[in-house]
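Asker: Here you go, one structure.
The values are calculated or read from the model by the stated rules, or taken from the named source; none is laboratory data. These numbers were taken from a predicted model, which means no experiment stands behind them. Positions of Cβ are generated from backbone atoms using ideal geometry, with glycine treated the same way; all protein chains shown enter the neighbour counts. Note: areas computed on protein heavy atoms with side chains; ligands, DNA, RNA excluded. Shrake-Rupley method; radii C 1.70, N 1.55, O 1.52, S 1.80 Å.
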Amino acid sequence: MGQRQVPRIDGMAARDRIVPIIVACPLFLQNLDTSVMATALPSIAHSLDVQPLHLNLAITSYLLSLAVFLPVSGWLAERFGPKRVFCCAIAFFSLGSALCGAANSLPELVLFRVIQGLGGAMMVPVGRLILLRSVPAARMVAAMVWFTVPPAIGRMAGPLFGGAIVTWTSWRWIFLVNVPFGLLGIEMAMWFI
């Protein structure tokens, strides 16, 4: 009594599908971003006037940032709440993406990739925590399908997406395209989670 009824779709609450998709979309962007740089390396190297091999620093700094900040995410979620931390994670990832798109040197790109990695590190475990707390155990397997497919698609689509962007526009758009999707993700998380 007094609780809002959630419409049902095919025997599963609509929220049980929406929440995993909302949580999975930033993970899609993260996986896309991890694999998209490979095809853009020559274009980035030419633009920043560095050897393509030196851009390994930008890739490694992102991955290292993911590893360093991952353990802190659980503590932050418990202290400030998963929804708030998840939205902040998307914001950091989007900010890092925008800064990467504006980078004019390799040190700038490396630093901005660390910021991007900070957001990415918090998105994954906090997103899973939100999923565990939002979806009943009886529907968890179905929810996990909705949660795992978009990131897998992002990982596979990255090289194709990166190649298309570099071919038709500037390499900067491989990062800048994350910003509107990040803002949309924050809005959806605030609304549905």
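Asker: Output the Cα-based Rg and Dmax of the range 34-84 in Å, rounding Rg to one decimal and Dmax to a whole number.
Answerer: My reading of the Cα-based Rg and Dmax gives 15.9, 44 Å.
Asker: For the chain, give the magnitude of the charge dipole about the Cα centre (Cβ charges: +1 Lys/Arg, -1 Asp/Glu; no others), in debye to the nearest 20.
Answerer: So the dipole magnitude of the chain works out to roughly 660 debye.
Asker: So what are the ³J(HN,Hα) numbers for the range 160-169, from phi and the Karplus equation (6.51, -1.76, 1.60; θ = phi - 60°), rounded to whole Hz, Gly and Pro as x?
Answerer: Values per residue, Gly and Pro as x: 5, 4, x, x, 5, 5, 5, 5, 9, 9 Hz.
Asker: Let me ask you something else. At a probe size of 1.4 Å, how large is the accessible area of Leu132, to the nearest 10 Å²?
Answerer: Leu132 has an accessible surface of roughly 120 Å² with all protein chains in place.
Asker: Then there's this: Angle between the Cα long axis of helix 14-48 and the longest principal axis of the chain, 0 to 90 degrees, nearest 10?
Answerer: 0 degrees
Asker: So how do Trp171, Trp146 rank on accessible area, 1.4 Å probe, biggest first, that is with the largest at the start?
Answerer: Trp146, Trp171
Asker: Calculated FRET efficiency, Arg79 and Val141, Cβ-Cβ r, R0 41 Å, to nearest 0.05?
Answerer: The pair Arg79/Val141 has a calculated efficiency of 0.85.
Asker: Taking θ = phi - 60°, what integer Hz values does the Karplus form 6.51 cos²θ - 1.76 cosθ + 1.60 yield along the range 69-74, in sequence order, with x for Gly and Pro?
Answerer: 8, 4, x, 6, 4, x
Asker: Quick check: net charge around Leu66, other residues with Cβ under 12 Å of its Cβ, Lys/Arg +1 and Asp/Glu -1?
Answerer: 0
Asker: Divide by every residue of the chain the summed helix terms, -39500 (n - 2.57) for each DSSP H run of at least 4, and state the resulting mean residue ellipticity at 222 nm, rounded to the nearest 500 deg cm²/dmol.
Answerer: The helix-only estimate for the chain comes to -28500 deg cm²/dmol at 222 nm.
Asker: Where Rh is the Kirkwood radius over the Cα pairs of the range 83-171, the temperature 10 °C and the viscosity 1.306 mPa s, what D in µm²/s does Stokes-Einstein return?
Answerer: Rounded to a whole number, D works out at 106 µm²/s.
Asker: Rank these by accessible area, largest first, 1.4 Å probe: Arg128, Arg113.
Answerer: Result, largest first: Arg128, Arg113.
Asker: Given springs between every Cα pair under 10 Å in a Gaussian network model of the chain, which of Ile59, Ile130, Ile153 has the largest fluctuation?
Answerer: Ile153
Asker: Now for a separate question. In nm, give the distance between the simple-model label positions of Arg128 and Ser170, each being 7 Å from the Cα along the Cα-to-Cβ direction.
Answerer: Reported label-point gap for Arg128 and Ser170 is 3.8 nm.
Asker: Which distance in Å, rounded to a whole number, links the C-alpha centroids of the range 105-179 and the range 48-78?
Answerer: 13 Å
Asker: If you take the charge dipole of the chain about its Cα centre, with +1 on Lys and Arg Cβ and -1 on Asp and Glu Cβ, which of Val126, Leu176, Leu99 is farthest toward its positive end?
Answerer: Val126
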